[in-house]
Amino acid sequence: MRSGKQTGLRLVLMGKPGAGKGTQAEKLAGDFGLPHLSSGAMLRADIREGTRLGKKVKEYVLKGEIGPEELITEAILGYIERNGLGDRFVLDGFPRTIFQAAELDRKYSPHLCILLEITDSEAESRLSGRYTCGRCGKVYNLDYSPPETPGVCGRCGGKPARRKDDTPPAIRKRLQIFESEARPVIRHYESGSRLERVDASLPTARVLQIISSLIEKEE
Ligand code: AP5
């Protein structure tokens, strides 16, 4: 973490599945002291714990489809409110529809939205090498960033595994949905001059550097 660096900033990370939203959000959370809110991670935790929300979204998540958006919006915005995070966060995976963007704008309008851009084939290749720790959520990639000890999470000792929605049909579905649902959201933020595009095919450290300098310009 940069020494004592704390920013008041509402940041949204957007991008195709596999673009690196989770990877970058985790690093930005550490570097800038921004709470990291991931709608996907939240839904997967609810599914694991068998909560009411988890039961409702399970089939959608497994197939790579958009879950019931009003319920998910309520869950995310409710979490921000209950935890007093309205001034500073990095959101990953939310908003992903125009409805969600409008609801977020109404309560916690983002200062900066970063669109991480990669091709579909790069996304598919990254997701086929992704392993996520079932205990702490740390993300690895067998090709680019494998755990130091094969099969063991370097952070908590858990066992990294493939995500259940990283099957070829679910990946294709998620990519299609990104094209149809996210494009209007991108236009929405672009027209408000809050969108910055970043080449996410670059190495992780370089992408982080670019995003960090965009954040620093906001301060
Ligand atoms: P979610 O978990 O948000 O999935 P996603 O959008 O498909 O994104 P991913 O998590 O797959 O990719 P990422 O961009 O975070 O990439 P990562 O950093 O892991 O959502 C899952 C599901 O939940 C949805 O399909 C939907 O059903 C539901 N849902 C979620 N939010 C919802 C909402 N708001 N409304 C309705 N439904 C919702 O990186 C990928 C891999 O690449 C990793 O292995 C990583 O190590 C590697 N990598 C990352 N960056 C680099 C780099 N620069 N170079 C090389 N490798 C890299």
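Read the figures in this text as sums done on the coordinates, not as results from a lab. All of these numbers come straight from a predicted model, not from anything done at the bench. Glycine gets a Cβ as well: all are built from the backbone with ideal geometry, and neighbour counts include every protein chain shown.
Points worth noting:
- For segment 89-117, a residue qualifies if it is surrounded by fewer than 20 Cβ atoms within 10 Å (Cβ to Cβ) and among the charged types (D, E, K, R), and the qualifying residues are GLU103, ASP105, ARG106, LYS107, GLU117.
- Condition met for LYS107 (among the basic types (Lys, Arg), assigned to a loop (DSSP other than H, G, I, E, B) and either touching a residue at least 60 places away in the same chain (Cβ under 8 Å) or within 20 Å of HIS36 (Cβ to Cβ) (or both)): no
- Check on GLN100, within 11 Å of the ligand (Cβ to nearest atom) and within 21 Å of ARG126 (Cβ to Cβ): no
- Checked against the criterion of being under 20 Å from THR167 (Cα atoms) and surrounded by 21 or more Cβ atoms within 10 Å (Cβ to Cβ), the candidates GLY67, GLY40, GLY18 yield just one match: GLY18.
To keep it simple, each residue is scored yes or no on (1) touching a residue at least 40 places away in the same chain (Cβ under 8 Å); (2) under 21 Å from ALA25 (Cβ atoms); (3) not in a loop (DSSP other than H, G, I, E, B).
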| residue | (1), (2), (3) |
| --- | --- |
| CYS136 | no, yes, no |
| GLU148 | no, no, no |
| VAL152 | no, no, no |
| CYS156 | no, yes, no |
| PRO169 | yes, no, yes |
| LYS173 | yes, no, yes |
| PHE178 | yes, yes, yes |
